[in-house]
1. If we keep just the residues of segment 255-275 that are assigned to a strand (DSSP E or B) and modelled with pLDDT under 90, which is nearest to Arg300 (Cα to Cα)?
2. Say we look at segment 26-53 and pick out the residues that are among the charged types (D, E, K, R) and more than 15 Å from Leu75 (Cβ to Cβ); which of these is surrounded by the fewest Cβ atoms within 10 Å (Cβ to Cβ)?
3. Any chance you could count how many residues in segment 410-426 are surrounded by 15 or more Cβ atoms within 10 Å (Cβ to Cβ) and either of a type outside the set (Val, Ile, Thr) or over 34 Å from the mean Cα position of the chain (by Cα) (or both)?
4. Considering every residue within segment 298-312, establish whether at least one is outside any helix (DSSP H, G or I), among the small types (Gly, Ala, Ser), at positive phi and out of contact with any Asp or Glu (no Cβ under 6 Å at 6 or more places or on another chain).
5. State yes or no: is Ala136 surrounded by 12 or more Cβ atoms within 10 Å (Cβ to Cβ) and either assigned to a loop (DSSP other than H, G, I, E, B) or touching a helix residue (DSSP H, G or I) at 6+ places or on another chain (Cβ under 6 Å) (or both)?
6. Taking segment 223-248 on its own, how many of its residues are assigned to a strand (DSSP E or B) and in contact with a Cys (Cβ under 8 Å, 6 or more places away or on another chain)?
7. Which of the residues that make up segment 221-237 are of a type in the set (A, V, I, L, M, F, W, C) and modelled with pLDDT under 90?
8. Could you please find all residues in segment 375-405 being of a type in the set (Gly, Ala, Ser), at negative phi and part of a loop (DSSP other than H, G, I, E, B)?
Amino acid sequence: MDYFPLFMSINERQCLVVGGGEVATRKIALLRRAGAKVHVLAPDLTGSLKDLAEQGDITHDASTFDSVNVSDYALVIAATDDAAVNKKVSEVAQAVNIPVNVVDNPDLCSFIVPSIIDRSPVQVAVSTGGASPVLARTLRTRLETLIPSAYGQLGKLLEANRTAVKAAYDNVDQRRRFWENILAGPIVEMVLAGQHDRAQAEIDKAIQSRSDGSSDTGEVYLVGAGPGDPDLLTFRALRLMQQSDVIVHDRLVSQPILDMARKDADFIYVGKERDKHTLQQEDINHLLVRLAREGKRVCRLKGGDPFVFGRGGEEIDTLTQEGIPFQVVPAITAALGVASYAGIPLTHRDYAHSVLFTTGHLKDGTMNLNWSGLVQPRQTIVFYMGLHGVDIICKEMIAHGMPTTMPIALVQKATLPDQKVITGTLETMPQIIRETEIHPPTLIIVGEVVKLHEKLNWFQTEK
């Protein structure tokens, strides 16, 4: 993070702008919107600034910047067309630790003026650290379409009720949950529709109907994190991740996805590797129950989809038995993400009419699979968790009638920048694996569709 994002109050405070041209005019308009008392230092002013000075809305000094004492100002902005003057302003201000911005020169700035979406009291600031103001404006424009202007009214409504909610709930977690429930419910739509009185009545009703203070049972969200790329998360998954008190995650959840969860949540790692389990599955099940009974909202974040070799069924079975409320959020399962990003269609009219997902090892650790069922014509087979059994997979499929020339692909860390795809045949792959460094998470695809990888490989990975 190159800059620390900060919202600063300058209401009724003195701010200095050096320069009186069009650029200075824009900066002065922003400062005045924030309630600042603006003093302008410039030999000449634009017409609009002259009007403001004559009306007493700003003060003006027509002298040049020399040894001005900037200590009395909350911040300083240099907006002249003279590089030497701008540099002098920066040096003088930084020497006495006064925040200074030099327009279009990030190297001389101690703060950056971002692109702003103003829905006061709601404000969103976008900055590229001066690297590309145009990109910042582009992002702001896109965000403008996602944040209705009525969000300002919503912010004011919530602010007006903070004292009443604080009086009703003496626990910070309870207050946070109250507001999250409000924002996830119909009251937001009432405000957006201009029904402010009705929205206030609903908030009053919610406050009055609060619980007697006993500890409520929380909830478990069984959330699929997808194959790895955070852009492939569902909107619902992201929303629940950001309102959860605890994130219980496995090793297949990528760090960029964990970074999108609520920053002050507790993170509990329960990853399982071959012959190395942080927690046994039964312990994970009971952990979810315990956390929910403590009143926590628990996000059980699982790589891929919770119901495709993710043991989600076992976990909600326990939750059901213990009377714990839960939700399940499906995701792009690993097989679909792997196939798409490796350029390997799982079905294709010329190669495969069906696809079968199977696990590379069973609950007891064996690979006693239904090999005859796997070896069928015009069928694609995807093996989850089969990396350590590649030799057995290739040997058994050949033994049950699959051609030795059948294509096979191993895809490591699919959808991520360091994705790796290794292709071969059932006959050659065991030797390829012995000569190649490859690690979990890796999925295996067997079938004629693997031939399409070279032609359809669209995803550009890091070199």
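The values are calculated or read from the model by the stated rules, or taken from the named source; none is laboratory data. Computed from a predicted structure; not experimentally measured. Here the Cβ is made from the backbone with ideal geometry for all residues, glycine too, and neighbour counts use every protein chain on show.
1. Lys272
2. My answer is Asp44.
3. Final tally of qualifying residues: 10.
4. Yes, some residue in segment 298-312 is outside any helix (DSSP H, G or I), among the small types (Gly, Ala, Ser), at positive phi and out of contact with any Asp or Glu (no Cβ under 6 Å at 6 or more places or on another chain).
5. When the stated conditions are applied, Ala136 does not pass them.
6. 4
7. Phe235
8. Hit for segment 375-405 is Gly386, nothing else.
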